[in-house]
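Let me begin by presenting the structure, written as structure tokens, before commenting on it.
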Amino acid sequence: MNTLLASPNLWDLGAREQALTIFDQRVVDIFFYKIEGGETDFLALRDSVIELPSSQNSDYRRALFLGTTGAGKTTALRQIMGTDPLKERFPSTSTAKTTVHETEVILREGLYSAVITFFPMEDVREHLKECVSAAVLAAYRKESDADQMRRLLTHVNQRFRFNYVLGNGSVKSSSDFDDDGDSNSDPEDSELLIRTNEVLSFALESIKILAELYGASLRTELNATDEKDQRVIDELFEEELDKRTREDERFQQVVDAVMDEIEERFTLLSNGKLQKTKVGWPLSWTWETEDRNAFISEISRFASNYAPLFGTLLTPLVNGVRVAGPFYPVWTNDKPKLVLLDGEGLGHTPRSMSTISTTLSKRIDMVDAVILVDNATQPMLAAPVAAMKELVSSGNSAKLIFAFTHFDKVSGDNLPSPSARADHVLASAENVLSAIGEDLGPFAERALRARLASSRVFLANLDQRLDIECKDDKRTATQLSKLLETIDGIVERPKPIDSRPIYDRMNLALAVERAAESFRNGWRPRLGLSGKHSTEKEHWTRIKALSRHIVVMGADHYDTLHPVADLRKELRQRLYILLQNPVGWNGPEPTDDDKQIIFDAIADDLNRRLFDLSLRRVKSERLADWRHAYDESGPRSTFRRAKLIGESIYDLAAPVPDLTPSPDRNAFLQDVATVTRESVELVGAILN
């Protein structure tokens, strides 16, 4: 390998065959693994093992559960697939963020089958590096050993909880509760966990050495004495500390040692077939059996959040779980033909949940029904509103079904009956739907009101096995049956009538102008480039992490930072308003129902085209600028990085059209006009 690394004439992909004549094939495979390029299509990989049935060629319906973290979407899914909430605990639930991978359940006869896919090694390693960096900063700040270990094992965005895989280490934290020691939640110390604890102890000592080595000298070097500049100094200190420690060989040794322990957990698998990449990292795991109990037990290693199993789970490494088998609800004798999809819960706050990710948008596009699970005790907060806006402006409102959970917790002296409680919940939606109508136009409000009136269920006691003899449980079982009927009743949209709308390109220019302004005005305060009281500046580590994930990991977002999805959202919503206001029709003016069908057909196709446009303009065409932003270091580098992203990427990705023409503005407007015309003409409409 060292010889190959020292031979520039063999670094080109075209030299691979020549390298094979000189070196062992394993060395060549590892060296050219990333040079050969190409991202793994994990959905296709799972399809190659267990095909996902479609309504296009079968009687199956695909239903996606969508909702706020803790609203009960996974609990509702359990009820439909018939898993016992106490004995089987699959899929895992919690009031906190639990489901961070895609879950796909196919209800069918036959054996119990599974295919699990895993995050690429580079993704896991990069998140682990961010954890080590956070632990170094904690060590410099003299935080307790327990806090340093917590930062090492739990990523800040909670998607990678390495303590599930490695355990919590041998460091015991002080507790606010006297009886914490009575818990038997820790697994028995096996030989594997003993060795892992030794590795984690080594990691903690190395982290302290790095903090001591670089922390004090760097603070002195920066001469942080001026209180007015303290925040700037803190940002500079943290970034420079991160840079210097990452360049230290001891940092890499910590990451290597912990990664080895993570990979060792795959040796615990006793059943199934593990497929690996050319560099030996697990790619997928498959298994089938007729034993339900054995199946649930084995699957739990990939999907559980059960504390007594910490140190042996693989859950944080999993990006997709697909299972198939005779999973059927116990409260009915029917055997519905369903594909149930679940994923990460939506955020609670407007800041964390203003934009639906591109990944989730693709999931919405591939299903027949979207079950919006909302807590009946606090309905229609930021997350469900964002989801409704996504669905209606993308032409997918006909897929929407409302499921109000925790209905048993809705109470009050003025709510004596279930009907009164239901009316109370629905009343909360009135102002929200009116506000959406003001933002996105009357047809958006009209479509959502129609869905709320015809496609809604109220669910109680979902976290327990339903007893049909109990009145409340029987009511919930009836509502769940209604949910299944509603899903099955969603069919292809009717074809629109012959009359088609006519649009004016002048109105298109105004829509693009407002979308570009909204996109840039939304990001500038987050980058710290302008003041906006309602939007907080993002911490510099998150902005750098965004650039790192785009450049190093090929992603289009980081945590709740979604620049590609943000641009598409602004364009889609402004263009949806445009679609509702044609300058005329090429035939008799249709009824509102027929107009809705036409507008939704255009919006559905336009949404797909806007994804490609936004991805290209924000990411693909500006990777060099993203690299430049990521590479920034030294004094005021956090500001320069933010300025580069704001001005060299976002401003050029979405230039605001105005009276002064320029190549950038003209190209952006032309790009949007082209995809709009293609979608409009696809249904026979006209853009003059």
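Some observations on this one:
- Net length gained if the chain between Glu536 and Glu198 were fully extended (0.36 nm per residue, minus Cα distance): 117.6 nm
- Each label point was placed 7 Å from the Cα along the Cα-to-Cβ direction; for Glu290 and Glu191 their separation is 3.6 nm.
- At an R0 of 30 angstrom, the distance between the Cβ atoms of Arg250 and Asp612 translates into a FRET efficiency of 0.10.
- The chain, accessible area per residue, ligands and nucleic acids excluded (1.4 Å, Å²): 45
- Computed magnitude of the charge dipole of region 600-680 (debye, nearest 20; Cβ of K, R +1, Cβ of D, E -1): 360
- With contacts taken as Cα pairs under 8 Å and at least 6 residues apart, the chain reaches a relative contact order of 17 percent.
- For the chain, a crude dipole built from +1 on the beta carbon of Lys and Arg and -1 on the beta carbon of Asp and Glu, taken about the Cα centre, is about 1260 debye to the nearest 20.
- Positive-end extreme of charge dipole, region 1-57 - chosen from Ser54, Leu4, Phe31 (charges on Cβ): Leu4
- Distance between the modelled labels on Arg505 and Arg465, one decimal in nanometres: 6.7 nm (7 Å Cα→Cβ projection).
- Taking all protein chains together and rolling a 1.4 Å probe, Asp498 ends up with roughly 140 Å² accessible.
- Karplus-derived 3J(HN,Hα), 6.51/-1.76/1.60, for each residue of region 239-244, Hz, glycine and proline x: 5, 5, 4, 4, 5, 5
- These residues, Lys278, Lys569, go from largest to smallest accessible area, 1.4 Å probe, as Lys278, Lys569.
- Carbon and sulfur %, accessible surface of the chain computed with the full protein complex present, 1.4 Å: 48
- Counted over the chain, the DSSP beta bridges are approximately 45% antiparallel.
- Within region 302-330: backbone nitrogen closer than 12 Å to the Glu109 label point (7 Å, Cα to C-beta): 326
- Phi to ³J(HN,Hα) by Karplus 6.51 cos²θ - 1.76 cosθ + 1.60 over region 122-128, Hz, x for Gly, Pro: 5, 5, 4, 4, 5, 5, 5
- Amide proton proximity set for Glu102, modelled H, under 5 Å, gap of 5+: Gly320, Val321
- Gain on full stretching of the segment that runs from Arg159 to Glu122 - 0.36 nm per residue minus C-alpha separation: 11.8 nm
- Segment Val279-Glu681, length gained on full extension (0.36 nm per residue, minus Cα span): 139.9 nm
- A cut-off of 5 Å between modelled amide H atoms, ignoring neighbours fewer than 5 places along the same chain, links Val457 with Phe402, Ala403, Phe404.
- Distance (nanometres) between label positions extended 7 Å along Cα→Cβ at Lys337 and Ser144: 5.8
- For Ser55, nonlocal amide neighbours, meaning residues 5 or more places apart or on other chains whose placed amide H falls under 5 Å from its own, are Arg62.
- Sequence of Cys131, Cys470 from largest to smallest accessible area, 1.4 Å probe: Cys470, Cys131
- Among [x] 45; [y] 55; [z] 59, the entry derived from the coordinates for percent of Cα pairs over 33 Å apart: [y]
- Using a probe of 1.4 Å on the protein chains alone, the accessible area found for Met366 is around 50 Å².
- The calculated FRET efficiency for the pair Glu430 and Thr560, based on their C-beta separation and a Förster distance of 22 Å, comes to about 0.15.
- Trypsin sites (Lys or Arg not before Pro) restricted to DSSP loop in region 633-688 with at most 14 other C-beta within 10 Å: Arg636
- Ranking by accessible area, most exposed first, for Trp287, Trp523, Trp11 with a 1.4 Å probe: Trp11, Trp287, Trp523
- Hz values of 3J(HN,Hα) by residue in region 629-640 - Karplus curve (6.51, -1.76, 1.60), Gly and Pro given as x: 5, 5, 6, 4, 7, x, x, 6, 5, 5, 5, 5
- FRET efficiency for the pair Ala453 and Asp41, taken as 1/(1 + (r/R0)^6) with r the Cβ-Cβ distance and R0 = 45 Å, rounds to 0.70.
- Only Lys, Arg (+1) and Asp, Glu (-1) charged, at Cβ; region 502-570 dipole about Cα centre in debye: 200
The values are calculated or read from the model by the stated rules, or taken from the named source; none is laboratory data. Everything quoted here is computed from the prediction, not taken from an experiment. Every residue, glycine among them, receives a Cβ derived from its backbone with ideal geometry; neighbour counts consider all protein chains shown. What goes into the accessible areas is simple: the full protein's heavy atoms, side chains included, and nothing from ligands, DNA or RNA. Shrake-Rupley method; radii C 1.70, N 1.55, O 1.52, S 1.80 Å.
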